[in-house]
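Enquirer: Here it is: the structure, laid out below.
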């Protein structure tokens, strides 16, 4: 901590290189001082992707409103509210012409992708042109590489590797995308890029995406060693980003089965006023409870989080928590929640125009699955048709499949196991993360139809460590189902080991959760 303070003090004594007219123009700034302020925030945002960055971006909007970049940075902050995002987007569009041509195209491309995509094809076109027009501009190259990776463009990793060769210190934002946002997960490639990130910026060894990569490989000792290294650098204390460190530590504790310590970390994160932190903390707290079978408490945490974000008009976060809470009840065969909660969720889905379509679809599916009584078939059928119609209007196959994969629980409820399995196979190109939670429903369908090997592989996907944060219940239920399936496959030692692992975690589970284990089919 003393070293961090000393370095911070030292920076004020070192004269930075001068910014000429070209550098000032590159940031759309009014003068050299303005350009330097903007560049500093941009560099911080690019260097330490775990930081929310919204406070710095909003401060820039006050000091340097003449440039489009501060407004873009507000859009790029993790959880910009709808009102501030709309205002920032309008300002950035108006001021875009202040940038050099390539950077203007970069900005206009980003405006089509942020805060939610409106036209991925046109956005990719503009970013490609910007990259082609200014291949030596490392900031343009970094943005292009990052979004090319997220969108699965064919040149994505070539562009990233070129950036690593020509401007490695500008590559961390793109590397972060490769670790956590790529639509197809390649663990070997993730390991390689995580290692490269640590070489460029040693502090990055403890970033949440790097820690998650280690945990997914089962390298818990290496993950703990990375956290220990970060503590030596003072990253768990101010003036560093202690809540980013806590985020990484939370992943390790959840993966290790340490529910109490995970909950302590989650509540620490939840206490921060930043919306991003409250999302991480809320999901982490719920997952720590689901990890030990305290399902009603977890559901209460999810609804509390949904109400918190609803009160601040953060529709995306509110819906994500509400959808997860509904899924908990559905998976555990519990009766639907009260009409008041269902009504506000329905209204939010109807009126919130900025929701990501996959989240909107998931909300529609979970709402339809709460329907009971004589209207059940009609309501569920109409909901499925509505989501499918929206998906068919999306031109990009990957995005279309990302929406359709969310319909699998509803397809299974309406049309049975075989058609649910068909929908799963037809959405194989949906992003990996979008398939994690539906995987459990598909595994049940495969299990029911006698495909033991297929069911085992799909249960294992649902139990993947990538599912620790928002799919902990599916992960735990998959652990339980795998132990039973292995026993039926006569793989007795493996079955007993899995059962022992599950029972150690759910030894204090609520009776209702225990009962539900035998009802799930």
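Enquirer: Pick from 342, 367, 349: which is in contact with a helix residue (DSSP H, G or I) (Cβ under 8 Å, 6 or more places away or on another chain) and either free of Cβ contacts under 8 Å to residues at least 12 places away in the same chain or within 27 Å of residue 84 (Cβ to Cβ) (or both)? Quick ask: steps written out before the conclusion?
Expert: Details: 342 fails: either free of Cβ contacts under 8 Å to residues at least 12 places away in the same chain or within 27 Å of residue 84 (Cβ to Cβ) (or both); 367 fails: either free of Cβ contacts under 8 Å to residues at least 12 places away in the same chain or within 27 Å of residue 84 (Cβ to Cβ) (or both).
The unique qualifying residue is 349.
Here's the yes/no breakdown for (1) in contact (Cβ under 8 Å) with a residue 24 or more places away in the chain; (2) assigned to a helix (DSSP H, G or I); (3) more than 20 Å from residue 67 (Cα to Cα):
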position	(1), (2), (3)
85	yes, yes, no
91	yes, yes, no
114	yes, no, no
117	yes, no, yes
123	yes, yes, yes
140	yes, yes, no
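Enquirer: Which condition number in (1) within 21 Å of the chain's Cα centre (by Cα); (2) assigned to a helix (DSSP H, G or I); (3) buried (at least 20 other Cβ atoms within 10 Å of the Cβ); (4) modelled with pLDDT under 95 is the one that residue 110 fails?
Expert: Of everything listed in (1) within 21 Å of the chain's Cα centre (by Cα); (2) assigned to a helix (DSSP H, G or I); (3) buried (at least 20 other Cβ atoms within 10 Å of the Cβ); (4) modelled with pLDDT under 95, residue 110 misses just condition (4).
Enquirer: Check 293, 281 and return the single one that is in contact with a helix residue (DSSP H, G or I) (Cβ under 8 Å, 6 or more places away or on another chain), assigned to a helix (DSSP H, G or I) and within 26 Å of residue 345 (Cβ to Cβ).
Expert: 281
Listed here are the residues, each with its yes/no results for (1) free of Cβ contacts under 8 Å to residues at least 12 places away in the same chain; (2) surrounded by fewer than 19 Cβ atoms within 10 Å (Cβ to Cβ); (3) touching a helix residue (DSSP H, G or I) at 6+ places or on another chain (Cβ under 8 Å).
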position	(1), (2), (3)
468	no, no, yes
471	no, no, yes
478	no, no, yes
481	no, no, yes
485	no, no, yes
489	no, yes, yes
494	yes, yes, yes
500	yes, yes, no
510	no, yes, yes
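Enquirer: Can you name the number of the only condition in (1) part of a helix (DSSP H, G or I); (2) surrounded by 19 or more Cβ atoms within 10 Å (Cβ to Cβ) that residue 430 fails?
Expert: Condition not satisfied by residue 430: (1).
Enquirer: Moving on. Among the residues of the stretch 163-178, which ones are surrounded by fewer than 16 Cβ atoms within 10 Å (Cβ to Cβ) and assigned to a helix (DSSP H, G or I)?
Expert: We begin by selecting, within the stretch 163-178, every residue surrounded by fewer than 16 Cβ atoms within 10 Å (Cβ to Cβ); these are 165-167, 169.
Hits for the stretch 163-178 are 165, 166, 169.
Enquirer: Do the conditions hold for residue 318, that is, is it without any contact (Cβ under 8 Å) to a residue 12 or more places away in the chain and surrounded by fewer than 24 Cβ atoms within 10 Å (Cβ to Cβ)?
Expert: Judged against the criteria, residue 318 is not a match.
Enquirer: So which pairs qualify, if the first residue must be in the stretch 442-457 and more than 10 Å from residue 421 (Cβ to Cβ), the second must be surrounded by fewer than 17 Cβ atoms within 10 Å (Cβ to Cβ), the Cβ gap must be under 6 Å, and the two must be at least 6 apart or on different chains?
Expert: Final answer for the pair search is 452/489.
For (1) buried (at least 19 other Cβ atoms within 10 Å of the Cβ); (2) within 26 Å of residue 372 (Cα to Cα), each residue gets a yes or a no:
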| position | (1), (2) |
| --- | --- |
| 257 | no, no |
| 284 | yes, no |
| 297 | no, yes |
| 336 | no, yes |
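Enquirer: So, one more: Is it true that residue 239 is farther than 18 Å from residue 359 by Cβ, part of a loop (DSSP other than H, G, I, E, B) and free of Cβ contacts under 8 Å to residues at least 60 places away in the same chain?
Expert: No: the conditions fail for residue 239.
The values are calculated or read from the model by the stated rules, or taken from the named source; none is laboratory data. Since the structure is predicted, the reported quantities are computational estimates derived from the model, not experimental observations. Neighbour counts run over all protein chains shown; Cβ positions are idealised from the backbone, glycine included.
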